[in-house]
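Engineer: Just dropping this structure here.
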Amino acid sequence: MKIAGFTFIRNAIRFDYPVEESIRSMLPLCDFVVVAVGQSEDKTLELVRNIAPDKIRILQTVWDDNLREGGRVLAEETNKAYRAIKEKVDWCIYLQADELIHEEDYPNLKQSMLHYKDDARIEGLVFDYLHFYGSYHYLGDSRRWYRREVRIIRQDPAISSYRDAQGFRKTGKKLRVKPSGGRIFHYGWVKNPEKQQEKQRYFNKLWHPDSWVEKRIGSKKSYDYAANIDSLRRFKGSHPALMQKRIQQADWNFFFEPSMKRLSAKDKFLQFIEKKTGHRIGEFKNYKLL
């Protein structure tokens, strides 16, 4: 079984992305990893080059910052990395620069990929998501966070990244998938508040006009985590070993009392139903679970 990884990144150092940890988290599962490195204002290219030269293949790209509708440039960069996988492989693992795979899940992932390798019906494998927010100790647990997403796909020219690169489609249709048995640890909302605010100002421009960004983001220097969240729960598990150094070096504090959730009556009811049944009413899915 041959497996390729792929991802994209730009200005990783400027925006404090755990891209090295992310890439290293999939290296043990992959024969090689393609990294589309966008033209950056920092030393992102040098950083990626030094991770694992024997297994990483770098594709240097230039982002089209005019593709603002729906964050389309992110899908374009994802597709560049995916299409750069030229030799025949059985599976392609995709991670974004703030996502990691836990080493505890490697056996399950290997078993799932091997089990479905020759089943042509299965076009991808879906992961459960843990969305960290504010610090490494809290998880977003309201309906605003997606619960699952496809992060292992077939090598198929008909498959492409969808909208803002959250998921994938095959000729416009949702992929037919099975559970991977793995989790994605998502750290996009965990960083120093000043870095988070800078990231918000920059990346919202991939979706919205400058006037919208100035009105909504403004000139504040620090992101207010507490003011922009409705519901969190404490994380009681373990982080990927690759994240331990970064967690120890965290230089800010954030506290949220989980009992003080700011949810509407409707959201409280829907969250109650989900907790009791495991079913999320009205959930958007980028995939068709078989």
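Values in this text are rule-based calculations from the coordinates and carry no lab data. If you're wondering where the values come from, they're calculated on a predicted model, not measured in any experiment. Every residue, glycine among them, receives a Cβ derived from its backbone with ideal geometry; neighbour counts consider all protein chains shown.
Engineer: Give me Rg/Rg_expected for the stretch 21-110, where Rg uses Cα atoms only and Rg_expected = 2.2 N^0.38 Å with N residues.
Structural biologist: 1.14
Engineer: Output the pairs from Lys88/Lys173; Lys110/Lys178; Lys173/Lys288 with a Cα-Cα distance over 19 Å in this structure; if there are none, say none.
Structural biologist: Violating the 19 Å Cα-Cα cut-off are Lys88/Lys173.
Engineer: Check Ile184: other-chain or 5+ apart residues with amide H under 5 Å from its amide H, H built from backbone geometry?
Structural biologist: Residues meeting the criterion, in which the H sits 1.01 Å from N, are Asp128, Tyr129, Leu130.
Engineer: What is the order of Met1, Met113, fewest Cβ neighbours within 10 Å to most?
Structural biologist: Ascending number of Cβ neighbours within 10 Å: Met1, Met113.
Engineer: At 7 Å along Cα-to-Cβ for each site, give me the label-to-label distance between Ala250 and Arg49 in nm.
Structural biologist: 3.4
Engineer: Excluding residues on the same chain fewer than 8 positions from Lys205, give the lysines whose Cα lies under 27 Å from its Cα.
Structural biologist: Once the sequence-local lysines are set aside, what remains near Lys205 is Lys43, Lys80, Lys191, Lys195, Lys215, Lys220, Lys221, Lys285.
Engineer: Rounded to the nearest angstrom and ordered from largest down, what semi-axes does the equivalent ellipsoid of the chain get from its C-alpha gyration tensor (root of 5λ)?
Structural biologist: That gives 28, 24, 19 Å for the three semi-axes.
Engineer: Rounded, prolate or oblate, given the Cα gyration tensor of the stretch 136-258, with a/c below 1.5 counting as rounded?
Structural biologist: Since a/c reaches 1.5 but b/c is at least a/b, the shape of the stretch 136-258 is classed as oblate.
Engineer: Starting from the Cα of Leu67, step 7 Å toward the Cβ, then list every residue of the stretch 207-250 with an amide N under 16 Å from that point.
Structural biologist: Inside the label zone: 207-208.
Engineer: Here's a follow-up. How charged is the neighbourhood of Gln197? Take every other residue with its Cβ under 14 Å from the Cβ of Gln197, and add Lys/Arg as +1 and Asp/Glu as -1.
Structural biologist: +4
Engineer: Over all directions, the average projected area of the alpha-carbon convex hull for the stretch 19-73 comes to how many nm²?
Structural biologist: 4.5
Engineer: Please report the relative contact order for the chain, taking Cα pairs under 8 Å with a sequence separation of at least 6, and give it as a percent rounded to a whole number.
Structural biologist: 21
Engineer: Then there's this: Only counting other Cβ atoms within 10 Å, I'd like Val190, Val89 sorted with the fewest neighbours first.
Structural biologist: The fewest-first ordering by Cβ neighbours comes to Val89, Val190.
Engineer: What stretch of the chain, leaving out the sites themselves, is the longest with no GluC sites (Glu not before Pro) in a DSSP loop having at most 14 other Cβ atoms within 10 Å?
Structural biologist: Within the chain, the longest run free of exposed GluC sites (Glu not before Pro) spans 88-282.
Engineer: Using the 2.2 N^0.38 Å rule of thumb for compact globular proteins, work out how the stretch 148-190 stacks up: its C-alpha Rg over that value, please.
Structural biologist: The value comes to 1.27.
Engineer: Then there is this: For the pair Glu41 and Leu114, how long in nm is the line joining their label points, each one 7 Å along Cα→Cβ?
Structural biologist: 4.8
Engineer: Here's something else I'd like to know. How big is the antiparallel share of DSSP beta bridges in the chain, given as a percent to the nearest 5?
Structural biologist: Of those bridges, close to 45 percent are antiparallel.
Engineer: P(r) for the stretch 80-121, please, calculated from all Cα pair distances in 10 Å bins and given in %.
Structural biologist: 20, 46, 34, 0
Engineer: Something else about it: If amide hydrogens are placed 1.01 Å from N in the peptide plane, which non-local residues have theirs closer than 5 Å to the one on Ile56?
Structural biologist: Amide H neighbours of Ile56: Val33.
Engineer: Taking springs between alpha-carbon atoms closer than 10 angstrom, which of Asp98, Asp65, Asp119 fluctuates most in the Gaussian network model of the chain?
Structural biologist: Maximum among the listed residues: Asp119.
Engineer: Follow-up. Say we join alpha carbon atoms closer than 10 Å with springs in a Gaussian network model of the chain; which of Ser160, Ser135, Ser219 then has the biggest fluctuation?
Structural biologist: Ser219
Engineer: What distance in nm lies between label points placed 7 Å from Cα along the C-beta direction at Ile281 and Asp230?
Structural biologist: For the pair Ile281/Asp230, the computed spacing is 1.4 nm.
Engineer: Running a GNM on the chain with Cα contacts under 10 Å, which residue among Leu100, Leu242, Leu263 ends up with the highest mean-square fluctuation?
Structural biologist: Looking only at Leu100, Leu242, Leu263, the biggest GNM fluctuation is shown by Leu263.
Engineer: Another one. What does the convex hull of the Cα atoms of the stretch 83-201 come to per residue, in Å³, rounded to a whole number?
Structural biologist: Looking at the stretch 83-201, the number lands at 133 Å³ per residue.
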